[in-house]
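J.: Take a look at the following structure, please.
The values are calculated or read from the model by the stated rules, or taken from the named source; none is laboratory data. Everything numeric in this text was worked out from a predicted model, so none of it was measured. Positions of Cβ are generated from backbone atoms using ideal geometry, with glycine treated the same way; all protein chains shown enter the neighbour counts. The accessibility values were calculated without ligands, DNA or RNA, using every heavy atom of the protein model including side chains. Shrake-Rupley method; radii C 1.70, N 1.55, O 1.52, S 1.80 Å.
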Amino acid sequence: QVQLVESGGGLVQPGGSLRLSCAASGRFFSISGVEWYRQAPGKQRELVATITRGGSTGYADSVKGRFTISRDNAKNTVYLQMSSLLPEDTAVYYCKSAVSVRPFHVEDYWGQGTQVTVSA
């Protein structure tokens, strides 16, 4: 079993910053791609950012230039640095990781989610 432990969510004012963390633990060979999603009440879940095993990144247009995804392979941790936060960024943020329990066998795992609230 693999677990993803998320942290860093909270309440922040518009224009503020937060850094979310997603740390993997358990038995696995390696972590491949990692994605951050978010879902607001009554809204569909949307992909926010992605990072590949090779470090290539991608962002939703709504967060481009404000959010940065990065990874620390030694710590098995992926980060989402969020700046210039807007009220519309309010959502539960989830990380999803493609994990190799052994070579060429990849499974998706989800974190529990962390609440981000942007409000004055």
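Listed here are the residues, each with its yes/no results for (1) in a loop (DSSP other than H, G, I, E, B); (2) hydrophobic (A, V, I, L, M, F, W, C).
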{"site": "L4", "(1), (2)": "no, yes"}
{"site": "L11", "(1), (2)": "no, yes"}
{"site": "C22", "(1), (2)": "no, yes"}
{"site": "S32", "(1), (2)": "no, no"}
{"site": "E35", "(1), (2)": "no, no"}
{"site": "R38", "(1), (2)": "no, no"}
{"site": "V63", "(1), (2)": "yes, yes"}
{"site": "I69", "(1), (2)": "no, yes"}
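J.: Turning to a different aspect of this structure: If E35 meets every condition in (1) in contact with a Ser or Thr (Cβ under 9 Å, 6 or more places away or on another chain); (2) without any contact (Cβ under 8 Å) to a residue 40 or more places away in the chain apart from one, which number is that one?
T.: All conditions pass for E35, except number (2).
J.: Limited to the range 52-63, what total is found for residues that are of a type in the set (D, E, K, R) and surrounded by 11 or more Cβ atoms within 10 Å (Cβ to Cβ)?
T.: In the first step, residues of the range 52-63 are kept if they are of a type in the set (D, E, K, R); the result is 53, 61.
Applying the additional criterion that residues be surrounded by 11 or more Cβ atoms within 10 Å (Cβ to Cβ) yields 53.
Qualifying residue count for the region: 1.
J.: Hey, can you tell me all the residues within the range 11-37 that are touching a helix residue (DSSP H, G or I) at 6+ places or on another chain (Cβ under 8 Å) and more than 13 Å from N73 (Cβ to Cβ)?
T.: Step one: of the range 11-37, the residues touching a helix residue (DSSP H, G or I) at 6+ places or on another chain (Cβ under 8 Å) are 14, 23, 31.
Once the filter is applied, which keeps residues that are touching a helix residue (DSSP H, G or I) at 6+ places or on another chain (Cβ under 8 Å) and more than 13 Å from N73 (Cβ to Cβ), the range 11-37 yields only P14.
J.: Read through the list (1) within 18 Å of V5 (Cβ to Cβ); (2) under 13 Å from the mean Cα position of the chain (by Cα); (3) open to solvent by less than 60 Å² (accessible area, probe 1.4 Å), then give the number of the only condition that Q112 fails.
T.: Result: Q112 passes all but (3).
J.: Among residues belonging to the range 77-95 that are touching a strand residue (DSSP E or B) at 6+ places or on another chain (Cβ under 7 Å) and among the hydroxyl-bearing types (S, T, Y), point out the one that is surrounded by the most Cβ atoms within 10 Å (Cβ to Cβ). Let's see the steps before the verdict.
T.: Step one: of the range 77-95, the residues touching a strand residue (DSSP E or B) at 6+ places or on another chain (Cβ under 7 Å) are 77-82, 85-87, 89-95.
Now narrow it down to the ones that are among the hydroxyl-bearing types (S, T, Y): 77, 79, 90, 93-94.
Details: T77: 19, Y79: 21, T90: 17, Y93: 23, Y94: 21.
For the range 77-95, the residue satisfying everything is Y93.
J.: Check A49, A98, A24, A74 and return the single one that is open to solvent by 30 Å² or more (accessible area, probe 1.4 Å), among the hydrophobic types (A, V, I, L, M, F, W, C) and more than 17 Å from V118 (Cα to Cα). Break it down stepwise before answering.
T.: Working: A49 fails: open to solvent by 30 Å² or more (accessible area, probe 1.4 Å); A98 fails: open to solvent by 30 Å² or more (accessible area, probe 1.4 Å); A24 fails: open to solvent by 30 Å² or more (accessible area, probe 1.4 Å).
A74 is the lone residue from the list that is open to solvent by 30 Å² or more (accessible area, probe 1.4 Å), among the hydrophobic types (A, V, I, L, M, F, W, C) and more than 17 Å from V118 (Cα to Cα).
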